[in-house]
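Student: If you scroll down you'll find the structure; I have some questions about it.
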Amino acid sequence: MRSGRALRQAAPVDRELISRIAHTDHPIKAPLDDGSVRRLLARGIPRDDARVLDLGCGTAEWLLRALQTHPRLHAEGVDISEQALAQADRAASRLGVRDRLVLHQRPAADFTPTEPFDLVLSVGAAHAFGGLLPTLAAAREHLAPGGRVLIGDGIWEREPSPEAVEMLGDFADLATTVDRVVADGWTPVDGHVSTRRELDDYEWSCWGTLASWALDRPADPDAPQALETANARRSEWLRVYRDTWGFVTLILRRTAD
Ligand SMILES: C[S@@+](CC[C@H](N)C(=O)[O-])C[C@H]1O[C@@H](n2cnc3c(N)ncnc32)[C@H](O)[C@@H]1O
């Protein structure tokens, strides 16, 4: 999800609860399908025993997938959300990868690792650092020589309305985004622009799952607010940013270390 926008609530339903329900059927909290995540991880993980860090990991869905496909890989995730990390902890135990995953509950900017990482991930969490380039600067601090960064952030596919900028934040178009990253000393070695289908599937899934949850529980005191939120967010997406907002995920190496 983008910059916390999608979690703003008109009334005090638990934001974390809303987010958890909305992502039940789309545990990756970004508009990427399972095939894209699999391919990007395969391209980003340099070797079987890699050390991987995720800044703003949420429920650690990217790390859990990496751990499952690479039995010698070790991973660390950083997030401020106690509930998301608890969910990650339970999932890791269920999947038998808990002994290779370390979770840190703290602001990602405060994370100080003991050893560098071969791959640093940060998808949909650039707001934690104040934007794409500050996120790359932080990732660089944790990177082993020759390491890679896998970063996902918003782009404008078309000129946005002032309302879209106010709602989602300030992004650039794809070419400008990549130019800025290259000028900052990085070389893209792979990438993925979320397709119309991935963007639509993500929004339909989040707001449809939240609406279904509410409709299935007419007696739940949170149901009316959950349904209202689902309807409001779907409407914002369709009216304000569906035609302009996109998402790019880049795999980067330092141009010259
Ligand atoms: C859109 S979610 C993305 C989660 C995950 N990267 C994924 O793709 O599924 C953004 C995450 O950033 C986390 N976050 C926000 N501010 C943060 C901060 N200052 N430090 C660490 N995590 C933060 C949120 O708690 C949330 O889990």
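Student: Per residue and in Å³, how big is the convex hull formed by the alpha-carbon atoms of the chain? Working shown, then result.
Tutor: Working: hull volume 30.6 nm³, N = 257.
Expressed per residue, the convex hull around the Cα atoms of the chain is 119 Å³.
Student: Say each of Asp220 and Arg106 gets a label point 7 Å from the Cα, pointing the same way as Cα to Cβ; how far apart are those two points in nm?
Tutor: 3.5 nm
Student: What are the trypsin sites (Lys or Arg not before Pro) within segment 57-143 that DSSP puts in a loop, where the Cβ has at most 10 other Cβ atoms within 10 Å? Please list the in-between numbers first.
Tutor: Numbers: sites: Arg65, Arg72, Arg90, Arg94, Arg98, Arg100, Arg140; in loops: Arg72.
The qualifying sites are Arg72.
Student: Which residue, Glu163, Glu16, Glu76, has the most motion in a Gaussian network model of the chain that connects Cα atoms within less than 10 Å?
Tutor: Maximum fluctuation in the GNM of the chain, among the listed residues, is at Glu163.
Student: With no solvent and one point on each alpha carbon, what is the Debye value of log10 I(q)/I(0) for segment 36-127 at q = 0.12, 0.13, 0.16, 0.17 Å⁻¹?
Tutor: Log10 I(q)/I(0), no solvent term: -0.31, -0.36, -0.56, -0.64.
Student: Specify the residue with the greatest mean-square fluctuation among Arg196, Arg217, Arg47, computed from a Gaussian network of the chain linking alpha-carbon atoms under 10 Å apart.
Tutor: Highest fluctuation of the listed residues: Arg217.
Student: Using r as the Cβ-Cβ distance of Arg197 and Arg15, and R0 as 35 Å, what FRET efficiency do you calculate, to the nearest 0.05? Please report the intermediate quantities before stating the final value.
Tutor: Working: r = 28 Å, r/R0 = 0.79.
So the FRET efficiency works out to roughly 0.80.
Student: Give me the tail of P(r) for segment 83-229 as a percent: Cα-Cα pairs with distance above 28 Å. Walk me through the intermediate numbers first.
Tutor: Details: 4139 of 10731 pairs.
Result: 39 percent of Cα pairs exceed 28 Å.
Student: Counting only DSSP beta bridges with both residues in the chain, tell me the antiparallel percent, nearest 5. Let's see the in-between values first.
Tutor: Numbers: 16 of 36 bridges.
Here the share of antiparallel DSSP bridges comes out near 45 percent.
Student: What net charge is computed for the residues neighbouring Ala108, neighbours being all others with C-beta under 12 Å from the C-beta of Ala108, Lys and Arg scored +1, Asp and Glu -1? List each step's numbers first, then the result.
Tutor: Values: positive: Arg106; negative: Asp54, Glu76, Asp79, Asp110, Glu141.
Every neighbour counted, the sum reads -4.
Student: On average, how much area does the Cα convex hull of segment 217-257 cover when viewed from any direction, in nm²? Intermediate results must be reported in sequence, preceding the final value.
Tutor: Working: hull surface 23.5 nm².
With the hull built on Cα positions only, its mean projection is 5.9 nm².
Student: Pop a pseudo-label 7 angstrom from the Cα along the beta-carbon direction at both Leu238 and Ala183 and give the gap in nm to one decimal.
Tutor: 3.9 nm
Student: Also, quick follow-up: For segment 172-249, what number results from the quotient of the Cα radius of gyration and 2.2 N^0.38 Å? Could you put the intermediate results ahead of the total?
Tutor: Details: Rg = 17.6 Å, N = 78, 2.2 N^0.38 = 11.5 Å.
For segment 172-249, the normalised Cα radius of gyration is 1.53.
Student: May I pose another question? Mind pulling the per residue volume of the convex hull built on the Cα atoms of segment 60-100? Å³ is fine. Intermediate results must be reported in sequence, preceding the final value.
Tutor: Numbers: hull volume 2.3 nm³, N = 41.
Enclosed volume per residue, from the Cα hull, is 56 Å³.
Student: By count of other Cβ within 10 Å, fewest leading, how are Trp245, Trp213, Trp204 ordered? Don't skip to the end; give the middle numbers.
Tutor: Working: Trp245 24, Trp213 21, Trp204 14.
Ascending Cβ contact count within 10 Å gives the list Trp204, Trp213, Trp245.
Student: Note down the magnitude of the dipole of segment 153-248 about its Cα centre, charges +1 on Lys and Arg C-beta and -1 on Asp and Glu C-beta and zero elsewhere, to the nearest 20 debye.
Tutor: Details: 9 positive and 20 negative charges, 50 e Å.
That gives a dipole near 240 debye.
Student: Also: Sorted from fewest to most neighbouring beta carbons within 10 Å, what does the list Val78, Val182 look like? Write down the numbers at each step before the final one.
Tutor: Details: Val78 26, Val182 13.
Going from sparsest to densest Cβ surroundings: Val182, Val78.
Student: While we're looking at this one, here's another question. Can you find, among Ala175, His104, Thr114, the residue sitting farthest towards the positive end of the charge dipole of segment 103-177, where Lys and Arg contribute +1 and Asp and Glu -1 at Cβ?
Tutor: Selected residue: Thr114.
Only the coordinates and a few stated rules stand behind these numbers; no lab work does. Quantities reported herein were computed from a predicted structural model and do not represent experimental measurements. With ideal geometry, Cβ positions are generated from the backbone for all residues, glycine too; neighbour counts draw on all protein chains shown.
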